Amino acid sequence: MMRLFINGLAASAGGGLTYLRNVIPHLARRAGVQTTVLLNASIRREFEEIPNVAFVDAPDCRGTFRRIVFEQTKLQELLRRCGAQVLVSTGNFALWSSPVPQILLSRNSLYTSADFRRDLRSRGEYFMLADTLIKGWVARHSIQRADITVAPSDAFAQELRRWTGRNVLTLHHGFDREAFTCDPSPLSEKVQRQLEEGNDALRLLFVSHYNYYRNFETLFRALPILSERLNGKVKLFLTCQLSSGENPGSYRAESAASLVNSFCRRGSVVELGAVPYRSLHHLYRACHLYVTPAYAESFAHPLIEAMSSGLPVVASDLPVHREICGDAAMYFPRFSPETLADAVLQIRESPQLARRLSVNGLKRAQDFSWHKHVESLIALSEKLVSAPPQSGQAIEALGLRASNGNQR
């Protein structure tokens, strides 16, 4: 019996929460594995229906500093109490003196992104810049403390290797189309009404909370170009509100909202707000194209969700995006609204191209599997338990190599 302990304290929204939503049910069904999961009490309710998993509720650990203090002072005792054999730390930061072998999931590309640092300086966000540099220092040293570090894409694993000089394994995050589309509950009446108002328009979709690194501004600057070429018949649907305080983190959205008001036709940007994860598949299917101008990513789950829904993809030309989408997307320089608009128009004006991207995307989405991800995670854990390496990433001692198991 393998006894895993999953530290999920970092998950509150976005990719971290998506990860737990998919991995925990697979671990619950896995014979021969006993799983304990540490969660913030604020999201514990979402997992009440899952059997065969022990949950440990932490006190309010919102905020990185509170979380790190709790982990470094309390986690060792929790591991001993539940008899864990392997610790899986999902939130970029390792337990620095783990009593059991530790697998670190490193997935925050902001710590290595020069574009993000430049962006923060240009916005005068010096406190956020200092915060990022400090967290980056902790994340970098965490990779040195963990027995194995895993990245969700080969492109990001290579970036981490250059950053730290350590070996980093690639273990793609997965996708389960059946689980993603199983809830028949329709979108809210408000969202359906907003979508219907764009029935005669080219409907673009971008699934993200507002933040700086998803580069909303380049997308907004592309809209007037598209609007002029399409006689105003284009709508961009966002799953956020362009208002500070309405999104996770401390990102200020007022400049982006001002850009929309200044550059875009009235009604061309539709702020749907947060859409429940269980209903997202309906939203993808109601749109024509998926667009992402992000300048920093480590995986990007919405790309796979979009491809599995048959949407052609237009993505910024990041190595991560090319790795995930392959020939199911058109790519543009990440800060070029003109090239972004050109890519959208090429797909709009060529049904054959749109169909080819859609077919390629449906095929590519099948290459990702949460089942494979979980099985690989368990295999790594078993290797650690049978021949635990010394701290410092002695991956070769386990006969492991950095690889991209799901890439074509």
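The values are calculated or read from the model by the stated rules, or taken from the named source; none is laboratory data. Quick caveat: nothing in here was measured; it's all calculated off a predicted structure. Here Cβ is always computed from backbone atoms with ideal geometry, including for glycine, and neighbour counts include all displayed protein chains.
In region 170-188, what count of residues is obtained for those that are in contact with a helix residue (DSSP H, G or I) (Cβ under 8 Å, 6 or more places away or on another chain) and part of a helix (DSSP H, G or I)? Within region 170-188, residues that are in contact with a helix residue (DSSP H, G or I) (Cβ under 8 Å, 6 or more places away or on another chain) and part of a helix (DSSP H, G or I) number 4. Taking each residue of region 27-42 that is part of a strand (DSSP E or B) and looking for partners that are among the aromatic types (Phe, Trp, Tyr) and at pLDDT 95 or above with beta-carbon atoms closer than 7 Å, six or more apart or interchain, yields Thr36/Phe5. Pairs are defined by a Cβ separation below 9 Å, a sequence spacing of at least 6 or placement on different chains, a first member in region 357-384 that is under 11 Å from Leu171 (Cα atoms), and a second member that is basic (Lys, Arg); the pairs so defined are Val374/Arg30; Glu375/Arg30.
Residue by residue, here is whether (1) under 20 Å from Arg364 (Cα atoms); (2) of a type in the set (D, E, K, R) holds:
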position	(1), (2)
Ser279	no, no
Tyr290	yes, no
Glu297	yes, yes
His301	yes, no
Ser308	yes, no
Ser316	yes, no
Ile324	yes, no
Ser336	no, no
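Can you name the condition, by its number, that Ile43 falls short on among (1) at pLDDT below 95; (2) more than 20 Å from Gly249 (Cβ to Cβ); (3) within 20 Å of the chain's Cα centre (by Cα)? For Ile43, the exception is condition (2). Residues of region 117-155 being touching a residue at least 60 places away in the same chain (Cβ under 8 Å) and in contact with a strand residue (DSSP E or B) (Cβ under 8 Å, 6 or more places away or on another chain), which ones? Passing the criteria: Ile143, Arg145, Ala146, Asp147, Ile148, Thr149, Val150, Ala151, Pro152, Ser153, Asp154. Among the aromatic types (Phe, Trp, Tyr), touching a strand residue (DSSP E or B) at 6+ places or on another chain (Cβ under 9 Å), part of a helix (DSSP H, G or I) and in contact (Cβ under 8 Å) with a residue 12 or more places away in the chain, is that true of Tyr19? Yes; evaluated as a whole, the condition is true for this residue.
Only one of these is over 20 Å from Val359 (Cβ atoms), without any contact (Cβ under 8 Å) to a residue 12 or more places away in the chain and not basic (Lys, Arg): Ser262, Ser279, Ser268. Name it.
On the way: Ser279 fails: without any contact (Cβ under 8 Å) to a residue 12 or more places away in the chain; Ser268 fails: without any contact (Cβ under 8 Å) to a residue 12 or more places away in the chain.
On inspection, the qualifying residue turns out to be Ser262.
Against the conditions (1) of a type outside the set (Val, Ile, Thr); (2) modelled with pLDDT of 95 or more; (3) closer than 28 Å to Leu4 by Cα, Arg364 satisfies every one except (3). For region 312-329, residues that are in contact with a Lys or Arg (Cβ under 8 Å, 6 or more places away or on another chain), part of a loop (DSSP other than H, G, I, E, B) and touching a residue at least 40 places away in the same chain (Cβ under 8 Å) total 1. Applying the criterion of being buried (at least 17 other Cβ atoms within 10 Å of the Cβ) and acidic (Asp, Glu) to the residues of region 114-166, the residue that is modelled with the lowest pLDDT is Asp147. State whether one or more residues within region 50-60 are touching a Lys or Arg at 6+ places or on another chain (Cβ under 9 Å), in a helix (DSSP H, G or I) and free of Cβ contacts under 8 Å to residues at least 40 places away in the same chain. Taking every residue of region 50-60 in turn, none turns out to be touching a Lys or Arg at 6+ places or on another chain (Cβ under 9 Å), in a helix (DSSP H, G or I) and free of Cβ contacts under 8 Å to residues at least 40 places away in the same chain.
Taking region 322-363 as the range and being exposed (fewer than 15 other Cβ atoms within 10 Å of the Cβ) and among the small types (Gly, Ala, Ser) as the test, only Ser350 passes. On the given criteria, is Glu338 within 29 Å of Ser113 (Cα to Cα) and either out of contact with any Asp or Glu (no Cβ under 6 Å at 6 or more places or on another chain) or of a type in the set (Ser, Thr, Tyr) (or both)? Here the answer is yes, as Glu338 does meet what is asked.
Every condition in (1) in contact with a strand residue (DSSP E or B) (Cβ under 8 Å, 6 or more places away or on another chain); (2) under 29 Å from Thr112 (Cβ atoms) is met by Phe237 except one, and the failing one is (2). Which pairs turn up if I take residues in region 189-201 that are in a helix (DSSP H, G or I) and look for partners that are among the aliphatic types (A, V, I, L, M) with beta carbon separation below 8 Å, at least 6 apart in sequence or on another chain? Close Cβ pairs (under 8 Å, with a partner that is among the aliphatic types (A, V, I, L, M)) amount to Val191/Leu272; Val191/Val275; Val191/Leu283; Gln194/Val270; Gln194/Leu272; Leu195/Leu187; Leu195/Leu283; Leu195/Ala286.
The set of residues in region 361-375 being touching a Cys at 6+ places or on another chain (Cβ under 8 Å) and assigned to a loop (DSSP other than H, G, I, E, B) is empty. Check whether at least one residue in region 93-113 is under 18 Å from Phe299 (Cα atoms), of a type in the set (Lys, Arg) and in a loop (DSSP other than H, G, I, E, B), and report yes or no. Yes; the residues of region 93-113 include at least one that is under 18 Å from Phe299 (Cα atoms), of a type in the set (Lys, Arg) and in a loop (DSSP other than H, G, I, E, B). Considering each residue of region 54-75 in turn, none proves to be among the small types (Gly, Ala, Ser), within 23 Å of the chain's Cα centre (by Cα), buried (at least 23 other Cβ atoms within 10 Å of the Cβ) and in the same structural domain as Val374 (by TED's automatic domain parsing). Scan region 144-169 for residues that are more than 18 Å from Ser381 (Cβ to Cβ) and either assigned to a helix (DSSP H, G or I) or under 17 Å from the mean Cα position of the chain (by Cα) (or both) and the total you get is 13. Taken over region 350-371, the residue count meeting the criterion of being under 22 Å from the mean Cα position of the chain (by Cα) and among the hydroxyl-bearing types (Ser, Thr, Tyr) is 2.
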